[in-house]
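> Sharing a structure, written as structure tokens. Questions coming.
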Amino acid sequence: MIVIRVKVKVTSENKSEFVRIMTDSINVSREFDGCQFFGLYEDVTDENTLILYEEWETQSDFDAYKASEHFTESGKQLFPLMDGAPENAYFMAEPIT
């Protein structure tokens, strides 16, 4: 499994538009092959810091998603709303039982 965590900062003026676009994007992203989970969260200490959390079955599933027109078009709308570059972390992971 591939786990992705993306930390995004937005200004308070851009937050509602970012969340609206991201929510629509997440609904489409969840339909991609291999997407096991995709969620958006707000930091409890900073309302303008958001976390995207994703789980993908395989690296190739995630790569296909990143190469998609949906990913490219969503990015064109979302990146201008961010306050700086996003902070990404990628993990090859298996649940601990």
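Throughout, read-outs are computed from the coordinates displayed, never taken from laboratory work. Worth saying up front: this structure is predicted, and the values here are computed from it rather than measured. Glycine also receives a Cβ, built like all others from the backbone with ideal geometry; neighbour counts cover every protein chain displayed.
> Note the full-extension length gain between H70 and R5 as 0.36 nm times their separation in residues minus their Cα-Cα distance, in nm to one decimal. Working shown, then result.
Numbers: separation 65, 0.36 × 65 = 23.40 nm, distance 1.89 nm.
Here the segment from H70 to R5 would lengthen by 21.5 nm.
> Another question, if that's okay. Working from Cα positions, state the angle (0 to 90°, nearest 10) between the long axis of helix 12-29 and the longest principal axis of the chain.
Computed tilt is about 20 degrees.
> Give me the net charge for the shell around F62: Cβ to Cβ below 15 angstrom, other residues only, Lys and Arg +1, Asp and Glu -1.
-4
> Here's another thing I want to ask about it. Which net charge results when you count Lys and Arg as +1 and Asp and Glu as -1 among the other residues whose beta-carbon is under 12 Å from that of T49? Provide the component values of the computation, followed by the final result.
Numbers: positive: K7, K9, K15; negative: E42, D43, D46, E47, D83, E87.
Surrounding charge for T49 is -3.
> Tell me, what is the percent relative contact order of the chain, built from C-alpha pairs under 8 Å that lie six or more residues apart? Numbers along the way, then the final one.
Working: 157 pairs, mean separation 45.4, N = 97.
After rounding, I find 47 percent.
> Taking the beta-carbon count within 10 Å as an exposure proxy, list Y53, Y65 from fewest neighbours to most.
Details: Y53 13, Y65 19.
Neighbour counts put them in this order, fewest first: Y53, Y65.
> Taking neighbour Cβ counts within 10 Å as the exposure measure, how do K7, K15 sort from fewest upward? Let's see the in-between values first.
Details: K7 13, K15 17.
Result, fewest neighbours first: K7, K15.
> Give a residue-ordered list of calculated ³J(HN,Hα) values for the stretch 40-45 (Karplus: 6.51 cos²θ - 1.76 cosθ + 1.60, θ = phi - 60°; whole Hz; x for Gly, Pro).
Rounded to whole hertz, the list is 10, 9, 9, 5, 6, 9.
> All other residues with a Cβ under 14 Å from the Cβ of F38 taken together, and with Lys, Arg as +1 and Asp, Glu as -1, what is their net charge?
Values: positive: R5, R30, K66; negative: D24, E31, D33, E54, E55, E57, D61.
Charge balance near F38 sits at -4.
> Could you run the Karplus curve 6.51 cos²θ - 1.76 cosθ + 1.60 with θ = phi - 60° over the stretch 85-97 and give me ³J(HN,Hα) per residue in whole Hz, x for Gly and Pro?
Result, ordered by residue: 6, x, 10, 10, 9, 10, 9, 8, 9, 9, x, 8, 10 Hz.
> Follow-up. Does the stretch 2-92 come out rounded, prolate or oblate by the C-alpha gyration tensor, with a ≥ b ≥ c the root eigenvalues, rounded set by a/c under 1.5 and, if not, prolate when a/b is larger than b/c and oblate if not? Numbers along the way, then the final one.
On the way: a/c = 1.97, a/b = 1.51, b/c = 1.30.
Cα axes put the stretch 2-92 in the prolate bin.
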